[in-house]
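What follows is calculated from the coordinates using simple rules that are stated; it is not laboratory data. Keep in mind that what you see is a predicted model, and the values were worked out from it rather than measured. FYI the Cβ positions are ideal-geometry reconstructions off the backbone, even for glycines, and counts take in every protein chain you see.
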Amino acid sequence: MRIFSNTLIAFSAIALMFNVSCKKDDPEIPGKYEKGILVSNEGPFMEGTGTISFYDPNSNSIENGIFQTVNGRPLGNIVQSVEVFNKRAYIVVNNASRVEVAEAGTFESIGVIEGLVSPRYFLGINSSKGYVSDWGGGVAVIDLNTLSKTGSITAGSSPDRMLLDGSKAWVINSAGWSSDSTVTIIDTQTDTPLQTIVVGDNPSGIVKDANGKIWVICGGSFDWSDPSNNTAGSVVRINPDTFTIEARAQLDNTYFDARLAINAAKTRLYFTFTGGLYTIDTNSKSDLSATKILNRPYYALGIDPANDHIYTSDPLDYAQPGYIFRFDPANSMMVDSAKAGIIPGNFLFLN
């Protein structure tokens, strides 16, 4: 009996060694959606569902509706944005008042963050905490381990895009449901507001440059009842140490939902405004004049940090699938295009 047991143990050990050896030789297969570009498509307003597209710039191929394909259910209305943090994809679904959380490489569902009103963007703070800007309730504090809302931080009207700078989170107050012209700076260690800066009417984009300066684009305001009350848009540069505006590029008109992006070296701004795409050199000391490089309106805007290719979108009639476009920054010529989902609204670059 003892001989049989020893023989069985020996054969088991050999089998285990063989199995481990085979596993070591097997190549590690990365997630299908690990590298490429994610496009959040808002979907038709107040009906239907938004979607996520995955675009491969190397093959100029696009796969639409990847979350629904993987999980067999829709995301909901409206898909505002998507962010990847610590190998998880956080998909903010605005009208559905939740954030869908998925495995970033496969897009298999992990869970849902609820208790939100009108969420807009996700910002990862550390391994256990994140923020979600919420037009209906300040900035939500999220426990990333339990995927639950644990608190709320007071900001301005309709907090929107956010930027993490060290231990500070910069939140633009976009005035989506009201009127605002401010940025709120939050201490992420205590989850409390530190400062509020007046930047200009309807701030809608924020980036940080190579010199550590913070840039905000403001679309200005439009008064439908009395156009004489209109204010023009602007691009402002902020000193993050003193919370003061150092310079301002005044724009000629008003533009709702202007978009702002920055190149990989963080030396050149790109932004959408009336009728085109513009650029500003961030190293300009005083003259912040903008140069138009594309002469047509665009909706979404993003810069691929791998090669500085410029990505924009055209939602067409906001009811049918729209297009994304890729441009070469050297000559502003189009490289290629692809049909995405309905209202392609934001890009996320995974390199």
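Here the relative contact order of the chain, from alpha carbon pairs under 8 Å that lie six or more residues apart, stands at 12 percent.
Each other residue within a Cβ distance under 12 Å of G220 adds +1 if Lys or Arg and -1 if Asp or Glu, for a net charge of -4.
Charged neighbours of N41, selected by a Cβ distance under 13 Å, balance to -2 (K, R count +1; D, E count -1).
By the Stokes-Einstein formula, at 1.567 mPa s and 4 °C, the chain with its Kirkwood radius over alpha-carbon pairs has D equal to 60 µm²/s. In percent, rounded to a whole number, the relative contact order of region 175-304 is 17, using alpha-carbon pairs under 8 Å and six or more apart.
Largest GNM mean-square fluctuation across T242, T69, T49, computed for the chain with C-alpha springs under 10 Å, falls on T242. Count the lysine pairs in the chain that are 8 or more places apart or on different chains: how many have C-alpha atoms under 18 angstrom apart? Summing the qualifying lysine pairs gives 12.
Remark: region 196-205, residue by residue, has Karplus-estimated 3J(HN,Hα) of 10, 10, 7, 10, x, 5, 6, x, 9, x Hz, where x stands for each Gly or Pro and the curve is 6.51 cos²θ - 1.76 cosθ + 1.60 at θ = phi - 60°. Taken over the Cα atoms of region 65-169, the convex hull encloses 90 Å³ per residue.
For region 77-177, GluC sites (Glu not before Pro) are listed when DSSP marks them as loop and at most 16 other Cβ atoms sit within 10 Å of their Cβ; the list is E108, E114.
Here the contact order of region 232-351, divided by its residue count and restricted to Cα pairs under 8 Å and six or more residues apart, works out to 16 percent. Highest mobility in the GNM of the chain, judged by mean-square fluctuation with C-alpha springs under 10 Å and restricted to T106, T190, T146, is found for T190.
For region 243-351, the list of trypsin sites (Lys or Arg not before Pro) that fall in a loop by DSSP and count at most 13 other C-beta atoms within 10 angstrom reads K285.
Between N283 and S61, the simple spin-label model (points 7 angstrom out along Cα→Cβ) gives 4.1 nm.
The Cβ shell under 14 Å around S81 holds other residues with a net charge of -2, Lys and Arg each +1, Asp and Glu each -1.
Using a Gaussian network model of the chain in which every pair of alpha carbons under 10 angstrom is joined by a spring, one finds that among Q189, Q320, Q250 the greatest mean-square fluctuation is at Q189. For the chain, the longest principal axis of the C-alpha atoms and the axis of helix 2-25 are separated by about 30°.
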